[in-house]
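Everything below concerns the one structure shown next.
The values are calculated or read from the model by the stated rules, or taken from the named source; none is laboratory data. All of these numbers come straight from a predicted model, not from anything done at the bench. Glycine gets a Cβ as well: all are built from the backbone with ideal geometry, and neighbour counts include every protein chain shown. Just the protein is used for accessible areas: all its heavy atoms, side chains included, with ligands, DNA and RNA removed. Shrake-Rupley method; radii C 1.70, N 1.55, O 1.52, S 1.80 Å.
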Amino acid sequence: MKIAIIGGTGDQGFGLALRLAKNYQVIIGSRRREKAQESAGRIREILSSKGIPYRDVIGMENREASREGDIVILSIPFQYTLPTIIDLREELKGKVVVSIGVPLASAVGDKPTRVVLPPQGSVAQMVQEYLKDSKVVSAFHNVSAKVLESIEEPVDCDILVCGDDEESKRKVIEVINSIEGCRGIDCGDLEMSRYVEQITPLLISLNIKYKLKGSGIRITGLRR
Ligand SMILES: NC(=O)c1ccc[n+]([C@@H]2O[C@H](COP(=O)([O-])OP(=O)(O)OC[C@H]3O[C@@H](n4cnc5c(N)ncnc54)[C@H](OP(=O)(O)O)[C@@H]3O)[C@@H](O)[C@H]2O)c1
């Protein structure tokens, strides 16, 4: 299975690619192909230098990456999400699209410890409204890029997953569970994503208060 990461050159996309490349073919997407290829090369270099086996990691322009990926992760800042997905709408038809965006108020020059909610209630619902022919699943909001990129340590975080299509959610949870230390938890319909997205500003606030690299969450009482 091929996983494409739109904006995979950025912090969160790069960290996810590092983790996912162990078990999946990963395509880094960028607005510029050379930038994507450079990031893919860095991922191969990091994994090779640490003796971590990996599948193929390649870089492509976002449109090509969207076409190639079976699962497509949107890893772009909130404020650029709509123009990007509208532009890629044709390529994303029929795909499982993973929305990881958090509507941080820093997008409008305010604090990253606050949110500015899109009218749909969450980034994931906004994405689904504009990508009617894609199956949107929301995930990876509460795990930080810094934790993901510390590839030698397991990730200590549950990943809360929301979506309206059961089969797509199952696929994404399988991908999440392939990451050492991550546990994917089905949290119900896509509309639940508004609560999951709003946990992240709290985690950012804890990171600031306690000078943490990247706090995460665990749900207790669940048997796997
Ligand atoms: N960072 C975290 O710890 C973290 C944690 C949880 C969730 N998230 C979510 O993950 C997503 C990515 O976060 P990030 O920190 O990785 O962001 P980022 O590094 O600031 O940006 C990611 C990528 O977005 C692309 N981009 C920038 N401006 C753009 C524009 N005008 N139009 C289209 N694409 C543009 C860039 O790729 P190219 O220049 O290569 O096209 C960039 O590398 C966000 O939605 C964020 O809420 C982040």
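Being in contact with a Lys or Arg (Cβ under 7 Å, 6 or more places away or on another chain), more than 9 Å from the ligand (Cβ to nearest atom), among the β-branched types (V, I, T) and more than 20 Å from S134 (Cα to Cα): is that true of V96 here? Spelling it out, it is not the case that V96 is in contact with a Lys or Arg (Cβ under 7 Å, 6 or more places away or on another chain), more than 9 Å from the ligand (Cβ to nearest atom), among the β-branched types (V, I, T) and more than 20 Å from S134 (Cα to Cα). Among all residues of the stretch 71-82, there is none that is under 26 Å from E167 (Cβ atoms), in contact (Cβ under 8 Å) with a residue 24 or more places away in the chain and loosely packed, with under 15 Cβ neighbours inside 10 Å. One residue is enough: does the stretch 25-41 have a residue meeting the conditions away from the ligand (no atom under 11 Å from the Cβ), open to solvent by 10 Å² or more (accessible area, probe 1.4 Å) and among the small types (G, A, S)? Yes: the stretch 25-41 contains one or more residues that are away from the ligand (no atom under 11 Å from the Cβ), open to solvent by 10 Å² or more (accessible area, probe 1.4 Å) and among the small types (G, A, S).
Filter the stretch 126-163 down to residues that are closer than 15 Å to R19 by Cβ and part of a helix (DSSP H, G or I) and give me whichever is least open to solvent (accessible area, probe 1.4 Å). Among them, the one singled out is L148.
For the stretch 10-21, the condition of being polar (S, T, N, Q), more than 10 Å from the ligand (Cβ to nearest atom), open to solvent by 10 Å² or more (accessible area, probe 1.4 Å) and under 23 Å from C162 (Cα atoms) holds for none of the residues.
Have a look at I173, I217, I179, I185 and point out the one that is within 13 Å of the ligand (Cβ to nearest atom) and either of a type outside the set (D, E, K, R) or free of Cβ contacts under 8 Å to residues at least 24 places away in the same chain (or both). Criteria check complete, one pass: I217. Residue pairs whose Cβ atoms lie under 8 Å apart, separated by 6 or more positions or on different chains, with the first residue in the stretch 103-127 and among the small types (G, A, S) and the second in a helix (DSSP H, G or I) and open to solvent by 50 Å² or more (accessible area, probe 1.4 Å), are A107/Q79; G121/E191; G121/R194; S122/E191; S122/R194.
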